[in-house]
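Peer 1: Okay, handing you the structure first.
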Amino acid sequence: MNNENTLLSIQNISKHFNDSKAVDGLSLDIYENEFFALLGSSGSGKTTLLRMLAGLETPTEGQILLDDKDMVPVHASKRPVNLMFQSYALFPHMSVEQNIAYGLEMERMERSLIDKKVQEMLEIIQLEKMAKRRPDQLSGGQRQRVALARALVKKPRLLLLDEPLGALDKKLRSEMQLELKRLQHEVGITFVIVTHDQEEALVMADRIAIMRDGNLLQCGTPQEIYEHPKDRFAADFIGEMNFLPGVVQGDSIIASSKRKISVMSTNGFEDGESVVAAIRPERMSLFLENAENSIEGKVHTSAYHGMDILLHVSTEFGEKPISVRVPIHSVGDKPFKAGDSVTLYWYEKDTRVFANK
Amino acid sequence: MNFKNKMSSVLIAPAFLWLIALMVVPCVMILVLGFFQRGIYGGIEYNFTLENFQLVFDSLYAGIFLSSARIAGTATIIAVFIGYFAAYAIATSPKKWQPTLLFFAVLPFWSNYLIRTYAWIVLLNREGLLVGFSKWLGIDGGIPSILYTESAVILGLVYNYLPFVILSCYAPLARMNPDFREASTDLGASNFTTFRRITLPLSVPGIAAGAVFVFVLSIGNFITPALLGGGRFQMIGNVIYAQFLTANDWPLGAALSMVLIGIMMILLMIQASAAQRSIGQKNKEQLDG
Amino acid sequence: MVKQPYFKRRLSVLAFVFAFLYVPISVLIGLSFNEGGLPTVWSGFSLKWYERLFQNDAIINATINTLIVATVSTVIATILGTMLAIGVEIRRKNGRWLESIIFAPMIIPDIVLAIALLSMFSMLDITMGLDTIIVSHVVFNLAFVCSVVRARLKGFDWSVVDASTDLGASSITTLRRITLPILMPAIISGGLLAFTLSLDEFIIAFFTSGAGKDSITLPMQIFSMIRFGVTPEINALATLIMFASVLALSISQRINRGVVS
């Protein structure tokens with residue numbers, strides 16, 4: 001990863017609104033040509049960070065280096081950075097092509113060149129036929145594409161996207177996720193996307209930064225973040241996770257029921273420390289050979305999801321049932337009923353250990 | 001369903017008949033009256049004629065129409081100019097102050113029109129504060145009082161209708177998605193360019209509504225010319241009043257009214273249909289916002 | 001984003017506008033308490049102009065007339081306007097003509113209605129007086145009452161009417177026990193609005209009052225006094241009226257807002 005070229009370097013940046021610290025001393029590097037996702041729940045500071053990159057908020061302190069040049073003193077209108085707004089902010093009194101041309105007109109570009117670039121952009125987003133339409137005559141997905149085109153046509157060094165798919169319905173959203181990824185490859189511009197949807201971040205991004213309380217919790221590739229979450233919060237935030245409470249004893253964890261849970265290592269924890277063992281539902285199974293761990297339980301609820309069945313199994317590991325995803329092909333047509341006895345198996349390599357807090 | 005309709009008709013009928021008898025019928029009567037002759041001692045001779053309309057378009061009355069339109073137009077331009085910037089200043093103030101600022105901008109509108117006009121007589125008359133103030137400043141003999149001039153009438157109209165213009169210009173500004181302005185800045189526009197190309201065009205519905213309102217109420221205004229103009233010069237409302245109550249030429253008064261009402265209604269209808277058209281757009285904007 | 005550089009400009013625009021709006025009124029109010037009555041010399045605080053006001057027979061008569069006009073026209077308009085609102089909303093789908101006729105009195109410039117009524121009364125040889133003012137005021141008053149009540153009805157849950165019917169109430173009983181009580185705040189608010197408008201109304205009253213001295217309303221009285229120039233008595237009267245109408249409108253709005261939220 002380190003051989004990538006750093007495009008943007010955020011250094012110890014903070015933004016305070018009166019008493020509250022929206023962003024608090026955050027540092028982060030973003031590489032050239034990557035698709036980067038800022039992931040966090042509302043209030044995590046991700047949107048404030050994005051707005052500081054665009055120049056719409058002034059940082060309380062810290063530096064934003066773009067191509068090694070500090071952007072903080074540069075006015076929003078002069079930065080080679082463009083933002084695609086969550087609301088799209090398409091100008092309602094201008095047609096699609098006027099909207100796209102607007103940013104180029106601000107650069108005092110020649111008319112013929114503007115027309116040519118707008119035309120190219122319309123082709124890329126496949127809306128040539130809609131050029132004369134007003135935004136209110138477009139569907140949600142079309143508006144989203146126009147907003148994207150309007151920002152992209154200026155060929156910014158960095159394109160910021162604030163919840164770009166938030167306003168679309170579910171089906172269109174998954175289509176647009178791939179479409180955005182394709183577009184990013186095609187235009188070769190660095191994308192920084194803000195989202196609260198972890199699935200969206202996993203699908204689209206090359207790297208993800210999880211934000212919490214104005215700071216960075218963890219940064220890495222989707223796989224790193226999914227497989228090796230840094231702490232209990234990150235593990236819970238990305239995907240689903242079962243947490244089995246216990247205490248450390250040597251290389252294993254002893255649950256409150258005295259049952260032993262084997263894990264790869266308990267490095268960093270002391271004997272007797274209160275921890276949780278974390279296992280993803282899809283890493284548990286009803287049939288598994290040589291699994292180090294197992295537990296008997298009774299089916300609490302069973303929900304059919306098409307490609308798998310989600311079982312909630314009551315066990316001796318606390319009051320909260322354990323979630324298990326059972327692939328359809330492994331169980332055939334046999335339905336589960338509440339109260340059925342089952343045994344859950346999982347490998348120690350799939351078990352993570354976090355401090356219990 | 002049938003029962004509901006019957007009940008609704010019973011409930012609607014009295015008010016409906018009242019409005020027909022005292023609004024629709026009188027308006028239709030004006031239409032008719034304009035085509036009759038004046039009686040020798042006042043009153044009406046029921047002979048069809050177009051004389052009244054020839055008179056309306058003759059130089060005297062046409063001139064009064066034109067000067068009324070000029071006064072109303074000047075008042076409209078000034079009121080819209082001040083009102084728009086006031087609305088803009090309010091709309092860009094901190095959110096928590098906006099309702100209060102707006103409330104105080106509109107509050108004078110709630111007090112009596114005559115009294116608001118009278119307040120200017122108090123300020124402007126020859127023994128009034130403004131003249132006294134200018135004397136105190138040492139201007140020789142004081143500046144001349146503008147009371148009973150066209151300027152005073154325009155001033156009075158602007159003063160009386162300004163709150164409405166502020167209100168109607170504020171509506172589109174407050175409703176405007178703030179992202180529009182930021183998007184424009186992000187795309188490289190200066191503040192002035194953003195104002196000229198985004199904010200101003202999007203405020204046009206409010207500006208138009210305010211302008212039509214001020215113009216329509218100014219051109220037919222009766223009180224302000226009578227009080228601040230001192231009756232020394234006439235706007236069309238005063239002339240019509242005189243035809244009915246002093247000159248006793250009802251048919252001519254009706255013909256003048258018809259033309260005035262025509263002008264007003266055409267403007268109001270244009271504005272209403274323009275507003276109707278922008279409603280669709282407005283709903284979509286709100287979706288975006 | 002919008003910070004310091006605009007702050008000053010905004011402040012000066014607002015200062016100018018609010019000064020323009022409030023200086024004339026404030027001067028007027030101030031002078032009404034000026035002992036000497038001269039506009040340019042302050043000779044001490046006094047309520048003497050208010051006392052004089054209450055000894056002026058013309059003003060007292062005009063005030064009585066105005067109260068009669070406003071009260072009677074408000075009562076009629078509130079009854080008719082409420083019926084109209086309920087009738088129109090029950091039906092839900094109304095013709096464009098009906099909607100325009102209901103809406104028209106609120107947007108027609110006063111002078112148009114005044115002239116039209118004057119010419120009709122003149123043509124039909126109707127003797128004009130307080131009664132013609134009253135019936136004319138009902139025209140716009142009922143439209144305002146109707147619009148306030150309709151606004152309330154828009155958020156009205158019609159299923160309560162069905163529920164009342166289901167529980168065995170007749171439609172009259174339902175109206176009396178369910179619909180009207182729910183609408184009452186809006187009706188009172190609409191009535192107060194109508195009352196204030198009628199108190200303040202000048203043009204229509206002026207045109208439809210005829211020549212008689214007995215039918216002079218307070219705004220008409222003020223109008224004729226103002227034409228003769230500035231007196232401290234008018235200042236006092238103007239101050240009183242201004243506070244009365246602002247107060248009445250505030251109450252009307254408060255009552256209605258309480259309902260909505």
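The values are calculated or read from the model by the stated rules, or taken from the named source; none is laboratory data. Small disclaimer: the values here were computed from a predicted structure and weren't measured. All Cβ positions, glycine included, derive from the backbone under ideal geometry; neighbour counts span all protein chains shown.
Peer 1: Right, residue B:252: assigned to a helix (DSSP H, G or I), more than 9 Å from chain C (Cβ to nearest Cβ), under 18 Å from residue B:60 (Cα atoms) and not small (Gly, Ala, Ser) or not? Spell out the reasoning first.
Peer 2: Details: assigned to a helix (DSSP H, G or I): yes; more than 9 Å from chain C (Cβ to nearest Cβ): yes; under 18 Å from residue B:60 (Cα atoms): yes; not small (Gly, Ala, Ser): yes.
Judged against the criteria, residue B:252 is a match.
Peer 1: I've got another one for you. Restricting to the range B:42-60, what's the tally of residues that are without any contact (Cβ under 8 Å) to a residue 12 or more places away in the chain and either within 14 Å of chain C (Cβ to nearest Cβ) or over 25 Å from the mean Cα position of the chain (by Cα) (or both)? Break it down stepwise before answering.
Peer 2: Kept after step one, since they are without any contact (Cβ under 8 Å) to a residue 12 or more places away in the chain, are these residues of the range B:42-60: B:45-47, B:54, B:57-60.
Filter again for either within 14 Å of chain C (Cβ to nearest Cβ) or over 25 Å from the mean Cα position of the chain (by Cα) (or both), leaving B:45-47, B:54, B:58-59.
Number satisfying all stated conditions: 6.
Peer 1: When residues of the range C:72-108 are filtered for being under 18 Å from the mean Cα position of the chain (by Cα) and crowded, with 23+ Cβ neighbours inside 10 Å, how many remain? Write out each step before concluding.
Peer 2: From the range C:72-108, those under 18 Å from the mean Cα position of the chain (by Cα) are C:72-82, C:102-108; that's our starting set.
After this cut, where a residue has to be crowded, with 23+ Cβ neighbours inside 10 Å as well, the list is C:73-74, C:77-78, C:80-82, C:102.
Qualifying residue count for the region: 8.
Peer 1: Residue C:72: within 8 Å of chain B (Cβ to nearest Cβ) and either in contact with a Ser or Thr (Cβ under 8 Å, 6 or more places away or on another chain) or of a type in the set (Val, Ile, Thr) (or both), yes or no? Spell out how you get there, then give the answer.
Peer 2: Details: within 8 Å of chain B (Cβ to nearest Cβ): no; either in contact with a Ser or Thr (Cβ under 8 Å, 6 or more places away or on another chain) or of a type in the set (Val, Ile, Thr) (or both): yes.
So residue C:72 fails the test.
Peer 1: Evaluate the range C:55-69: report whether one residue or more is within 11 Å of another protein chain (Cβ to nearest Cβ), within 23 Å of residue B:114 (Cα to Cα) and free of Cβ contacts under 8 Å to residues at least 24 places away in the same chain. Talk me through it step by step, then tell me what you get.
Peer 2: We begin by selecting, within the range C:55-69, every residue within 11 Å of another protein chain (Cβ to nearest Cβ); these are none.
Within the range C:55-69, none of the residues are within 11 Å of another protein chain (Cβ to nearest Cβ), within 23 Å of residue B:114 (Cα to Cα) and free of Cβ contacts under 8 Å to residues at least 24 places away in the same chain.
Peer 1: Test of understanding: among B:131, B:153, which residue is modelled with pLDDT under 90, touching a Gly at 6+ places or on another chain (Cβ under 8 Å) and buried (at least 18 other Cβ atoms within 10 Å of the Cβ)?
Peer 2: Numbers: B:153 fails: modelled with pLDDT under 90.
Step by step, each of B:131, B:153 is checked, and only B:131 is modelled with pLDDT under 90, touching a Gly at 6+ places or on another chain (Cβ under 8 Å) and buried (at least 18 other Cβ atoms within 10 Å of the Cβ).
Peer 1: Also, I was wondering about something else. Report those helices (runs of 4 or more DSSP H) wholly inside the range B:116-223 carrying at least 2 residues which are within 14 Å of chain A (Cβ to nearest Cβ) and among the hydroxyl-bearing types (Ser, Thr, Tyr). Give the steps one after another, and end with the answer.
Peer 2: Details: elements: B:129-136, B:150-175, B:178-186, B:191-194, B:200-219.
By residue number, B:178-186, B:191-194.
Peer 1: In the list C:106, C:123, which residue meets the criterion of being modelled with pLDDT under 95 and more than 9 Å from every other protein chain (Cβ to nearest Cβ)?
Peer 2: Values: C:123 fails: more than 9 Å from every other protein chain (Cβ to nearest Cβ).
Just one listed residue meets the conditions, C:106.
Peer 1: Separate question: Determine whether residue B:20 is surrounded by fewer than 17 Cβ atoms within 10 Å (Cβ to Cβ), in a helix (DSSP H, G or I) and within 13 Å of another protein chain (Cβ to nearest Cβ).
Peer 2: So residue B:20 passes the test.
Peer 1: So is residue C:135 within 15 Å of residue C:204 (Cα to Cα), at the interface with chain B (Cβ under 8 Å from one of its Cβ atoms) and surrounded by fewer than 23 Cβ atoms within 10 Å (Cβ to Cβ) or not?
Peer 2: Details: within 15 Å of residue C:204 (Cα to Cα): yes; at the interface with chain B (Cβ under 8 Å from one of its Cβ atoms): yes; surrounded by fewer than 23 Cβ atoms within 10 Å (Cβ to Cβ): yes.
It is true that residue C:135 is within 15 Å of residue C:204 (Cα to Cα), at the interface with chain B (Cβ under 8 Å from one of its Cβ atoms) and surrounded by fewer than 23 Cβ atoms within 10 Å (Cβ to Cβ).
Peer 1: Additional query: Please tell me if residue C:162 is surrounded by fewer than 23 Cβ atoms within 10 Å (Cβ to Cβ), closer than 24 Å to residue C:72 by Cβ and more than 9 Å from chain B (Cβ to nearest Cβ). Quick ask: steps written out before the conclusion?
Peer 2: Numbers: surrounded by fewer than 23 Cβ atoms within 10 Å (Cβ to Cβ): yes; closer than 24 Å to residue C:72 by Cβ: no; more than 9 Å from chain B (Cβ to nearest Cβ): yes.
Spelling it out, it is not the case that residue C:162 is surrounded by fewer than 23 Cβ atoms within 10 Å (Cβ to Cβ), closer than 24 Å to residue C:72 by Cβ and more than 9 Å from chain B (Cβ to nearest Cβ).
Peer 1: Check C:25, C:29 and return the single one that is touching a Ser or Thr at 6+ places or on another chain (Cβ under 6 Å) and touching a residue at least 12 places away in the same chain (Cβ under 8 Å).
Peer 2: None of the others qualify; the one that does is C:29.
Peer 1: Find the residue count for the range A:301-341, including only residues that are loosely packed, with under 15 Cβ neighbours inside 10 Å and closer than 18 Å to residue A:257 by Cβ.
Peer 2: Going through the range A:301-341 one residue at a time, the tally reaches 4.
Peer 1: On to the next question. Give the residues of the range C:54-87 that are assigned to a helix (DSSP H, G or I) and polar (S, T, N, Q), sorted by residue number.
Peer 2: Residues of the range C:54-87 assigned to a helix (DSSP H, G or I): C:57-87.
Result: C:61, C:63, C:65, C:66, C:71, C:73, C:74, C:78, C:82.
Peer 1: While we're on this one: Scan the range A:165-172 and tell me whether some residue there is closer than 22 Å to residue A:86 by Cβ and touching a residue at least 40 places away in the same chain (Cβ under 8 Å). Lay out the reasoning, then the answer.
Peer 2: Restricting attention to the range A:165-172, the residues satisfying the condition of being closer than 22 Å to residue A:86 by Cβ are A:165-172.
In the following step, the residues that additionally are touching a residue at least 40 places away in the same chain (Cβ under 8 Å) were identified as A:166-167.
Taking every residue of the range A:165-172 in turn, at least one turns out to be closer than 22 Å to residue A:86 by Cβ and touching a residue at least 40 places away in the same chain (Cβ under 8 Å).
Peer 1: So, one more: Contact list please: Cβ distance under 9 Å, first residue in the range C:6-17 and at the interface with another protein chain (Cβ under 8 Å from one of its Cβ atoms), second residue part of a helix (DSSP H, G or I) and surrounded by fewer than 18 Cβ atoms within 10 Å (Cβ to Cβ), pairs at least six apart or on different chains.
Peer 2: C:6/B:191
Peer 1: It is to be established whether one or more residues within the range C:179-201 are away from chain B (no Cβ under 14 Å), over 18 Å from the mean Cα position of the chain (by Cα), surrounded by 13 or more Cβ atoms within 10 Å (Cβ to Cβ) and in a helix (DSSP H, G or I).
Peer 2: Yes, the range C:179-201 has at least one match.
Peer 1: OK, next. Looking at the structure I just gave you, is residue C:52 more than 12 Å from every other protein chain (Cβ to nearest Cβ), more than 26 Å from the chain's Cα centre (by Cα) and not β-branched (Val, Ile, Thr)?
Peer 2: Numbers: more than 12 Å from every other protein chain (Cβ to nearest Cβ): yes; more than 26 Å from the chain's Cα centre (by Cα): yes; not β-branched (Val, Ile, Thr): yes.
Yes: the conditions hold for residue C:52.
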